[in-house]
Amino acid sequence: MRRLFWIVLVLSSLGAIGIGANLAKAQVRTVGVSLGDLFKYTVTFDLSSTDPNVTIPPYFVSLNDTEWMSTSIIDVSNPPARASVTVQMTMHFKNGTETVQVGITDLESGIGNMTNWVVAANLNPNDAVYTEGMYSTWFINETIVRTYPSGTRNTNHFNTSTESNMTGFYQYYSQNFYWDKSTGIMVEMSFSQTTQTNVSQTIMSGMITMSESSVWIVPEFPTWISIQLILIVLTITIAAKKKIIPNTNSATRWIPETQVKPQ
């Protein structure tokens, strides 16, 4: 369970900037995901350092050990009740073990142990990620198109960064979130942390990216193109098995090849 705790910490606390109280404008929050929706993610982590004795901080260890993770929606609550989503998260580690935990996120305050995994549906640029508490100071930067294995999606992007600069120590942390606009589910999160001291520099980065989804499947071709291709293939197949010969009435008729007499 502690591994999942650190994952959620990376997704939320590290990127938090300040604490705002009711600074976001009032917005009606609605849930975009549905009961039974399933999402799967790949996880990557990289570390480079000039310090040969550097160790991975505990809040990054779980990311480094994780092969993939999945979230399934097991409960939703929409207005007039407070909008919230309950998620079951499975983390599959590189050693073959797994952990499973259930968590809830309030889509108005962000309160819960699955903060930032899901936000309200159909947010727009300058809308607050959450409308209450510390995340009311987070505003959607832009809505952009991004491509994932499940297809091209309109995504809401938010970037946050913090910087510490003291004598002999400098650290910069940047984090990017991408949520699918229509559902509010997180489709991608990336972060990078650079730490510089008088004797070394360490860079750690990671990414969580959606690899599968039960919600949307984008066909390789539009439906009407697929239908045309099927008709073309059927026509070619029939033509390969039959010959067209004229009859005495100058009308075209199909005669199986086995019935055509040699000239």
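For T115, the test of being crowded, with 19+ Cβ neighbours inside 10 Å and within 21 Å of D75 (Cβ to Cβ) is passed.
Any chance the range 23-32 includes a residue that's at pLDDT 85 or above, closer than 24 Å to Y173 by Cα and of a type outside the set (D, E)? Taking every residue of the range 23-32 in turn, none turns out to be at pLDDT 85 or above, closer than 24 Å to Y173 by Cα and of a type outside the set (D, E).
Quick check on T105: is it among the β-branched types (V, I, T) and either over 18 Å from H157 (Cα atoms) or in contact with a strand residue (DSSP E or B) (Cβ under 6 Å, 6 or more places away or on another chain) (or both)? The answer is yes for T105. If you go through the range 143-169 and keep only what is within 19 Å of S192 (Cβ to Cβ) and either of a type in the set (D, E) or more than 17 Å from the chain's Cα centre (by Cα) (or both), you end up with T160, S161, T162, E163, S164, N165, F169.
Look at T248 and say whether it is at pLDDT 50 or above, over 30 Å from I144 (Cβ atoms), among the polar types (S, T, N, Q) and not in a strand (DSSP E or B). So T248 does not fit the description; no. In the set E142, E108, E132, only one residue is among the charged types (D, E, K, R), modelled with pLDDT of 95 or more and out of contact with any Phe, Trp or Tyr (no Cβ under 6 Å at 6 or more places or on another chain); that residue is E142. Note down all Cβ pairs under 6 Å where the first residue falls in the range 122-139 and is crowded, with 16+ Cβ neighbours inside 10 Å, the second is among the β-branched types (V, I, T), and they're at least six residues apart or on different chains. Correct list of pairs: L123/I140; D127/I140; V129/V119; M134/I19; Y135/V129; W138/V129.
The values are calculated or read from the model by the stated rules, or taken from the named source; none is laboratory data. Quantities reported herein were computed from a predicted structural model and do not represent experimental measurements. As a convention, Cβ positions derive from the backbone with ideal geometry for all residues, glycine included, and neighbour counts pool all protein chains shown.
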